[in-house]
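The values are calculated or read from the model by the stated rules, or taken from the named source; none is laboratory data. Since the model is a prediction, treat every value here as computed from it, not as a measurement. With ideal geometry, Cβ positions are generated from the backbone for all residues, glycine too; neighbour counts draw on all protein chains shown. Accessible surface is based on the protein model in full, side chains and every heavy atom, while ligands, DNA and RNA are left aside. Shrake-Rupley method; radii C 1.70, N 1.55, O 1.52, S 1.80 Å.
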Amino acid sequence: MAKKYDAVVIGAGLGGLSASTLMAGQGKKVLLLESHNIPGGYATSFCRGRFEFDIALHALSGLKAADGTPGSLYSYLDAIGVAEKVEFIQMPDLYRIKDDNIDMTLPANRDACEEMLSDKFPGDAEGIENFFETIFSMMDDFNGVIRSAASRSDDLTVEKHPTFIKYGMKPYGEVLDDFIKDENLKAILSVYWGYAGLPVSKVPFHLMAAIWQSYLVTPPHHIRGNCQALSNAFLDTFYEKGGDAKFSTGVKKITVKDGKITGVITDDGEEYLAKAIVSNANPLSTMINMVGAEHTPDEYQRDLNSRIIGTSAINIYIGLDCPPETFGAKVHENFLNLGSTSESVWENSFNLDPPNGMLFTCYNVTDPKFSPPGTSAVVLTTLAYARPWFKVSPERYVDVKNQYAEGMLELAEKHFPGFREHIEVIEVATPVTNMRYTRNPN
């Protein structure tokens, strides 16, 4: 006899963990199914030698303002009982940008950030003030648009939301040109494009404005230890609220009867009935493989087929036998050649040439206890689309991967001299690695 639940959640990534914990806290009978043997998806960690590495997390926004006021993310985690189980560490800086012409570290505070930039670029002082004012005005308008749409209000007018109407869907680079003249300053203000996955000529201004506002209002934080602690906190809370979870249990089918979802069938043939399914798997696998194309509306299939799957990444996880100051790391997030070269770095992500820009993250700057005493944990990250890697034969894969990694290591060494001689352990992950562990296409 198949067991019955109010909801079955597929995938214990942060989205699945969040949905499971929220529903269990509302008194629902919830089953969480995960194909891996630990929770978290990309919010997990792994060990190499004496080092434990975060797979993906660099910095969290939305936690707390400098004065301790809770942000939206912290308020949510607190409301569902997760926040109290995790220790968050605030970073004093937004990031350091470093290339052949620039070496600057921005503070994680709006007023201090504007003051520093205005002192460095006095000719653009007025433009800097107006630019940041537009970012915050943009987000006020954007949130107003969302509320109006949700309530089906009729106040979606130019008068009500002037900044959104004027700038909302313009490319970030175009808006930047309206306010800023100095090219180096434009580069300094552009590096967050890497978080969004599109260069400044293509990424919408409203998306970059959201990133800026979030980090300037609630400075970036990291998790004491690593992001596995957050995933474990979700799971512990889920269990406390009466939830059921099964790991090493994939789902092969979402069952449908008379146009309605009825449950799931796992890879080992177990069936679970449910009134609702929440899938933290990707939409292609969910709708085409599990639900079935025959049950997926034609309009939604056309929508899926019309989209290009976003960029993946190359990550190099490195354990060093020295503290950060030995190789000159003073800031958690270091954007190397990612400002003025956004277009070429993005174009390079479509091929296998070594990248000319990347993110250098040193976790020990924020949390000295992140790795064993006297050591450092560093992750090098650059954007990379998956398709070029499909053309690499299995026989050549290791050589191509290592050659690509060599280019990233050379770039790291250029900006942090002496870095390479302290490498103790190193692991390289490509889009193929990401696909293998997460089952996400591309």
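Checked against a 25 Å cut-off, the cross-linked pairs K166/K202; K202/K391; K120/K181 give Cα-Cα distances beyond that limit for K202/K391. Per residue, the chain exposes an accessible area of 46 Å² to a 1.4 Å probe, with every protein chain left in place.
What do you get for trypsin sites (Lys or Arg not before Pro) in the range 12-106 restricted to DSSP loop and a cutoff of at most 13 other Cβ within 10 Å of the site's Cβ? Listed in order of number, the matching sites are R50.
Kirkwood radius and radius of gyration were both taken over the C-alpha atoms of the range 133-205, and their ratio Rg/Rh is 1.04. Among the chymotrypsin sites (Phe, Trp or Tyr not before Pro) in the range 347-425, those located in a DSSP loop and surrounded by at most 16 other Cβ atoms within 10 Å of their own Cβ are F350.
With a simple spin-label model that places each label point 7 Å from the Cα along the Cα-to-Cβ direction, the separation between K4 and I423 comes to 5.8 nm. Between the range 319-356 and the range 386-412, how many Å separate their Cα centres? If we compute the Cα centre of each part, the gap is 16 Å. If R0 is 35 Å, what FRET efficiency do you get for C322 and K85 from their C-beta distance, rounded to 0.05? Efficiency, from the Cβ-Cβ distance: 0.60.
When the helices of the chain are scored as -39500 (n - 2.57) per DSSP H run of n ≥ 4 and the total is divided over every residue, the value at 222 nm lands at -11000 deg cm²/dmol.
Computed from the Cβ-Cβ distance with R0 of 45 Å, the FRET efficiency linking S344 to E159 stands at 0.65.
Other residues lying with their Cβ under 12 Å from the Cβ of Y363 contribute a combined charge of -2, Lys and Arg counting +1, Asp and Glu -1.
Measuring r between the beta carbons of K120 and Y42 and using R0 = 30 Å, the FRET efficiency lands at 0.25.
When only alpha carbons of the range 278-404 are considered, Rg and Dmax amount to 19.6, 59 Å. Net charge dipole, the chain: roughly 1780 debye, given to the nearest 20, about the Cα centre with Cβ charges of +1 for Lys and Arg and -1 for Asp and Glu. Calculated on the alpha-carbon coordinates, the convex hull of the range 205-256 measures out at 203 cubic angstrom per residue.
For the range 315-380, dividing the convex hull volume of the Cα atoms by the residue count gives 86 Å³ per residue. The order of H206, H36, H221 by accessible area, most exposed first and with a 1.4 Å probe, is H36, H206, H221. Can you give me the Cα centroid spacing of the range 206-259 and the range 1-25 in angstrom? Going from one Cα centre to the other spans 11 Å. The share of accessible area on the range 1-100 that comes from carbon and sulfur is 51 percent, using a 1.4 angstrom probe. As a fraction of the 1.4 Å probe accessible area of the range 285-442, surface on carbon and sulfur atoms comes out at 52 percent.
For the range 261-336, the list of GluC sites (Glu not before Pro) that fall in a loop by DSSP and count at most 10 other C-beta atoms within 10 angstrom is empty. Surface composition of the range 130-249: carbon and sulfur make up 51 percent of the accessible area, probe 1.4 Å.
For the range 146-264, relative contact order (Cα pairs under 8 Å, six or more residues apart, normalised by length) works out to 17 percent.
Computed over all pairs of different Cα atoms, the Kirkwood value for the hydrodynamic radius of the range 17-75 is 14.5 Å. Note on the range 53-194: the C-alpha convex hull projects to 11.6 nm² when averaged across all orientations.
Working note: Debye formula, equal point scatterers on the alpha-carbon atoms of the chain, no solvent; log10 I(q)/I(0) at q = 0.11, 0.14 Å⁻¹ is -1.00, -1.54.
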